[in-house]
Amino acid sequence: MLQHTHIPLDVLEAQANQCHRCPLGDSRNHLVFGVGNPHARVMIVGEAPGKNEDLQGIPFVGAAGHTLDGLLELADLTRDEVYIANVLKCRPPGNRDPRPEEIEECTPFLREQTRTINPEFIVTLGNFATKFILKTDRGITSMHGKLFRTGRFKVFPIFHPAAAIYDRTKMSSLEEDFRNFGRILKEDTQEKQREAEKKRAEEEKRQHEAAEARANGTQNSLF
């Protein structure tokens, strides 16, 4: 089987910084590639950079970023533990929605980021990230707060934090979803610990039985 070579994140970022496949590469102030733990168990994927992100080159640093920080705490997570990226690496003018041709040109970078980081869980924030990652036409309203699988990844869609800035009724859904995601992470960790303990007990039993067999063989050879 052919193995896909993972491209280091710094190499990917340098490639993305040279990208002018769509007009957004010419209008941006800064590339907003991604930030966080390069070996994260959880990867968070948003839509596109906003004004503050474009000025600083860091995802989720504006009001939506402040909201995200608080929501991560509800899942017992911090920015240092996760990796945060967007579907688009450059800001669309006026924070308009990403266009299909922009998504097509930019998402190869996101695919390679995901392969390199190899997270266990992907949290998709909003419609564009959810539709791209899960290859679906269903909207975030019907999908948020549910766990899906695509390939080897577990995907948990949630409303974009910016939604709560413009519609405060969304905040309760955001908080509930992040709390539930935190519980899913905890239960998954506990299940892995149980499996590891079971394997360790089985290995200890196997080694003990092998030692007894060797001891019995030695005793029998004396007669």
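The values are calculated or read from the model by the stated rules, or taken from the named source; none is laboratory data. Only a predicted model underlies this, so the values are computations on that prediction, with no experimental measurement involved. FYI the Cβ positions are ideal-geometry reconstructions off the backbone, even for glycines, and counts take in every protein chain you see.
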*Tell me which residues, restricted to the stretch 51-82, are assigned to a loop (DSSP other than H, G, I, E, B), without any contact (Cβ under 8 Å) to a residue 60 or more places away in the chain and either buried (at least 16 other Cβ atoms within 10 Å of the Cβ) or among the acidic types (Asp, Glu) (or both).*
Gly57, Ile58, Pro59, Val61, Gly62, Arg79, Asp80, Glu81, Val82
*Residue check, Arg28 against (1) closer than 17 Å to Ala162 by Cα; (2) in contact (Cβ under 8 Å) with a residue 24 or more places away in the chain; (3) buried (at least 17 other Cβ atoms within 10 Å of the Cβ), all met but one. Which one?*
(1)
_Residue within the stretch 130-144 that is touching a Cys at 6+ places or on another chain (Cβ under 9 Å) and either basic (Lys, Arg) or at pLDDT below 95 (or both) present_ = no
*For the stretch 59-78, how many residues meet the condition of being within 23 Å of Asn17 (Cα to Cα), modelled with pLDDT of 95 or more and not hydrophobic (A, V, I, L, M, F, W, C)?*
1
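With respect to Phe153, is the statement that it is among the aromatic types (Phe, Trp, Tyr), surrounded by 10 or more Cβ atoms within 10 Å (Cβ to Cβ), touching a strand residue (DSSP E or B) at 6+ places or on another chain (Cβ under 6 Å) and within 30 Å of Ala85 (Cα to Cα) true? Outline the logic, then answer.
Numbers: among the aromatic types (Phe, Trp, Tyr): yes; surrounded by 10 or more Cβ atoms within 10 Å (Cβ to Cβ): yes; touching a strand residue (DSSP E or B) at 6+ places or on another chain (Cβ under 6 Å): yes; within 30 Å of Ala85 (Cα to Cα): yes.
Here the answer is yes, as Phe153 does meet what is asked.
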*Please give the number of the condition Ala162 fails out of (1) surrounded by 21 or more Cβ atoms within 10 Å (Cβ to Cβ); (2) modelled with pLDDT under 95; (3) closer than 26 Å to Lys186 by Cα; (4) of a type in the set (Gly, Ala, Ser).*
(3)
_Please verify whether Glu120 is surrounded by fewer than 16 Cβ atoms within 10 Å (Cβ to Cβ) and either of a type outside the set (Gly, Ala, Ser) or at pLDDT below 95 (or both), treating the condition exactly as stated._
yes
